[in-house]
1. Restricting attention to the stretch 414-445, report how many residues are in contact (Cβ under 8 Å) with a residue 60 or more places away in the chain and among the hydrophobic types (A, V, I, L, M, F, W, C).
2. Return the residue satisfying two criteria in turn: it lies in the stretch 271-288 and is modelled with pLDDT under 90 and assigned to a loop (DSSP other than H, G, I, E, B), and of such residues it is surrounded by the most Cβ atoms within 10 Å (Cβ to Cβ).
3. Just to verify a result, which residue in the stretch 385-413, among those that are hydrophobic (A, V, I, L, M, F, W, C) and within 20 Å of PHE375 (Cα to Cα), is surrounded by the fewest Cβ atoms within 10 Å (Cβ to Cβ)?
4. Taking the stretch 333-350 as the search range and keeping residues that are surrounded by 13 or more Cβ atoms within 10 Å (Cβ to Cβ) and under 21 Å from ARG378 (Cα atoms), which one is farthest from the chain's Cα centre (by Cα)?
5. Name the single residue that is farthest from LEU97 (Cα to Cα) among those in the stretch 162-190 being at pLDDT below 75 and exposed (fewer than 13 other Cβ atoms within 10 Å of the Cβ).
6. Could you please let me know if GLY386 is at pLDDT 85 or above and either touching a Leu at 6+ places or on another chain (Cβ under 6 Å) or farther than 30 Å from TRP217 by Cα (or both)?
7. Can you find even one residue in the stretch 215-227 that is touching a strand residue (DSSP E or B) at 6+ places or on another chain (Cβ under 7 Å) and modelled with pLDDT under 90?
8. Would it be correct to say that ASN144 is exposed (fewer than 12 other Cβ atoms within 10 Å of the Cβ), at pLDDT below 80, under 25 Å from ARG155 (Cα atoms) and within 38 Å of the chain's Cα centre (by Cα)?
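The values are calculated or read from the model by the stated rules, or taken from the named source; none is laboratory data. Predicted model, so just to flag it, every value in this text is computed and none were measured. When we count neighbours, we look across all protein chains shown, and the Cβ atoms used for this are built from the backbone with ideal geometry, even at glycine.
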Amino acid sequence: MLSSAKHLGVLLPKGWARHVRSAVVHAISMSNVVFTVTRGHAENHFNARVRIQAENDRLRREVSLLNEELRIKDARMERIPPQRRPHYPPMERLAILELRAARGWSLAQTARRLLVTPLTVTSWTKRLDDEGAAGLIQLREPVNRFPEFVRYVVRELKVHCPSLGSRRIARLFARAGLHLGATTVRRMLQPAPKRAPVAFRRSTPRIVTAKRPNHVWHADLTTVPTSLGYGTSWLPFALPLRWPFCWWIAVAVDHFSRRIMGAAIFKSEPSASDLTSFLGRVCGRRRCWPAHLITDHGTQFTADTFRLWCRRRGIRQRFGAVGKYGSIAVIERFIRSVKNECTRAILVPFSTAVFEREIHHYVLWFNENRPHERFGARTPDEIYFGRMPAARKPRYEPRSCWPRRSPCAKPHALIRGRPGAVVELRVGYRAGRKHLPLVTLKRVA
């Protein structure tokens, strides 16, 4: 703007700010606020002339802004050669010819305003009455809804009579012989949804679904801070992710039962060889090998050592996506449970043997006594070994008048003994750990 002012010979005052463009935009924004406040006062004025004048000002301003919006859009389209511009569909061609007839435009005016060539408009006019699939201008006739011309006449009536509602329009058409519902009219008056651009579709990879225990395993790494903590993430206060500041934990989880197959502790970030040794010990102890192993894209899991180890044992390694259901979200959720229920409930020790003992007790409690949310009241061991769920065994019924055949809260179970039982709560702890409760009930009457 400064350059244009100098070109026109306009002398700017001394000390004129350089941010003229930003000032102009902010000034226009402030004028919009002032216009809105002023119009709000005028619309509620007691004088009808003031209200009409305010409405006229609003409409003039709206027309001016719409003209500016159309000018900006047309300027972008005019930079494209006419042969490369998008073609108008058959319905839009008919609307252009009708607009030309209503406006009384010539061929040149129609071509200039609609960004087409006069020869194109002439061709549309000559082929206006062509029928069949070869017709250049045609109406769509869907089978499962009203023809397109019904939508067209409804919109035309709304354009000519904007004050009519959907019910009034339906009644007017019913008197004329066309019976439409009010909801149908309302749906026809809604703007057509914009079509999303067709994106390039890639081949969808096959999704592996766990069908039995030891079919799909998950493996991942996480860090647990000691009492010294991580420190900060910026230098010079950043601490290395290794002992004595944190522990590295490697875990393997069965997808079908959510059972923890094994866990190992490392003082520093384990390598691919360390993870293969850990998984080898877990598989040897369980005497089973998974058919699929899902991991993330960590350097340990993408190393050649790890891939060759999986290939020699017939394990198909797959990589999951973060946040996808059935992917590595399963093991990420287990890691969060470990931190919330174990490591954040105790003072993480510095001794390797002591920390391994704490993780071992949590793994046993998780597999044997902790009901998993996905399986209701069943534990991972009950799913993995196919045991009868403890929640399906006969239950206590404290309501003395409860009918025996009436169902209880899920999971349904038979009544143990007579109804009206009085029970007391007994809470034990695995190995004396307060964060690993064992809940039992005993009948006292």
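1. 3
2. Here the residue is CYS288.
3. Result: ALA409.
4. Ranking the candidates gives CYS342 first.
5. ARG175
6. no
7. yes
8. Against the criterion (exposed (fewer than 12 other Cβ atoms within 10 Å of the Cβ), at pLDDT below 80, under 25 Å from ARG155 (Cα atoms) and within 38 Å of the chain's Cα centre (by Cα)), ASN144 qualifies.
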